[in-house]
Amino acid sequence: MEKRKKIGITGQNGFVGTHLKNTLRLFSEEFETIDFRREWFGDEVYLDSFVKQCDVVVHLAALNRHNDPQTIYQSNVDMVLKLVGAFERTTSTPHVVISSSTQEEKDNMYGKSKKEGRELLEKWSKTSGASFTGMVIPNVFGPFGHPFYNSVVATFCYQISRGETPRLDVDGNLKLIYVTELVAEILKAIRQQTNDPAYLVDHTAEATVSEILGILNRFKSEYHDKGNIPILKNTFEFNLFNTYRCFMDLENYFPRKFKKNSDPRGTFVELARLGIGGQVSFSTTVPGITRGNHFHTRKIERFAVIKGKALIQLRRVDTNTILDFFLDGEEPGYVDMPVWYTHNIKNIGEEELITVFWINEPYDPNDPDTYFVNV
């Protein structure tokens, strides 16, 4: 068996770092993650120990915003200098991947700091003979970004999902990449040991700020307010929709109750109005049994209970908070599964539980996008 690569991620709890760390765990036979804590930048003993363990160091830690631009510059450059110092003290030569930004060419201290950091690591790599990938990255968006910090998409999703009205200051044109697509680029660079000090990562979407706002407002109207799965015209809208869903206040949104239409013949309940296709199925579950305990990274899924009593549980991967939703077929309702949330459903009643499932793509055993983790 080939030796697993040991990957250390500075900024492992940040936006991109969280997604990279969790994705690496899906390939546990190929990669081993080495834990990192930000305070180790201030402790040479811990920092030296960290770099000595790593086959690859992915440097994502950075200060994006601060009232004092000089603090941003100094902080980001200092972190690179401390990494280089640790490499030199320990004579370690891991493959280093750094996330820089297309803001390198803009007249701001953040862009200047990222460019200088990339060039410092390039100089070290040439002297040491280590592989170095200096990624120059466009605007990144996706689930679990920090509003008012990481991106305008995160800010808009947070505000719109809470009924707030975002302010449009400058309607600029943005070149964007979805965080999952960026992680795929990083994994590609790690696997191929790419040696490129100015690795320009292509954007996968382009939109104005007002266009993004318009799409998100449509999601609010169609999905959030009406419960409809909206028309998703392209991959960008699909990724934007999964991003929006993860910013919703799930605990106070689900479960949603269906409208039951009754007459002497019985009842009729509409489960979903779909702007996209997919697969519909149902299950019966005997009392006391739990189904699921898995998560998806891209799929859109709905659980609708139409008979019996159920407990649906959700837990965002890499967190400990469990959300409990109780449903009863006497008042049919549904819960949708956000990406990166492991989920299950348990029959907590005394009769058979009947659940209808809708998912936006049929099951493909060669690409299931289904990862088993207990809630």
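The values are calculated or read from the model by the stated rules, or taken from the named source; none is laboratory data. Bear in mind that the values here come from a model prediction, so they are computed numbers and not experimental data. Cβ: placed from backbone, ideal geometry, glycine included. Neighbour counts: every protein chain shown.
At a glance:
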| item | result |
| --- | --- |
| Which listed residue is among the β-branched types (Val, Ile, Thr) and in contact with a His (Cβ under 9 Å, 6 or more places away or on another chain), from Thr165, Thr90, Thr133 | Thr133 |
| Only listed residue being over 22 Å from Glu185 (Cα atoms) and touching a residue at least 24 places away in the same chain (Cβ under 8 Å), chosen from Asn139, Asn108, Asn64, Asn150 | Asn108 |
| Residues of region 132-165 satisfying the condition of being more than 19 Å from Phe236 (Cβ to Cβ), among the small types (Gly, Ala, Ser), part of a loop (DSSP other than H, G, I, E, B) and touching a helix residue (DSSP H, G or I) at 6+ places or on another chain (Cβ under 7 Å) | none |
| Any chance Lys82 is more than 22 Å from the chain's Cα centre (by Cα) and either touching a residue at least 40 places away in the same chain (Cβ under 8 Å) or surrounded by 20 or more Cβ atoms within 10 Å (Cβ to Cβ) (or both) | yes |
| Failed item in (1) within 18 Å of Arg245 (Cβ to Cβ); (2) touching a residue at least 12 places away in the same chain (Cβ under 8 Å); (3) not assigned by TED's automatic domain parsing to the domain that holds Ile98, with Val170 passing the rest | (1) |
| Hey, Ile160 aliphatic (A, V, I, L, M) and out of contact with any Lys or Arg (no Cβ under 7 Å at 6 or more places or on another chain) or not | no |
| Among the candidates Phe148, Phe144, residue that is at positive phi and under 16 Å from the mean Cα position of the chain (by Cα) | Phe144 |
| Boolean, Asp318 is closer than 25 Å to Val183 by Cα and surrounded by fewer than 19 Cβ atoms within 10 Å (Cβ to Cβ) | yes |
| Total residues in region 73-94, condition touching a Ser or Thr at 6+ places or on another chain (Cβ under 6 Å) and over 20 Å from Gly8 (Cα atoms) | 1 |
| Within region 16-52, tally of residues that are surrounded by fewer than 22 Cβ atoms within 10 Å (Cβ to Cβ) and either of a type in the set (A, V, I, L, M, F, W, C) or more than 22 Å from Val183 (Cα to Cα) (or both) | 15 |
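Table: residues versus (1) of a type in the set (A, V, I, L, M, F, W, C); (2) surrounded by 16 or more Cβ atoms within 10 Å (Cβ to Cβ); (3) at pLDDT 95 or above; (4) not in a loop (DSSP other than H, G, I, E, B).
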| residue | (1), (2), (3), (4) |
| --- | --- |
| His66 | no, no, no, no |
| Asp78 | no, no, yes, yes |
| Ala86 | yes, yes, yes, yes |
| Arg89 | no, no, yes, yes |
| Ser92 | no, yes, yes, no |
| Val96 | yes, yes, yes, yes |
| Ser99 | no, yes, yes, yes |
| Glu104 | no, yes, no, yes |
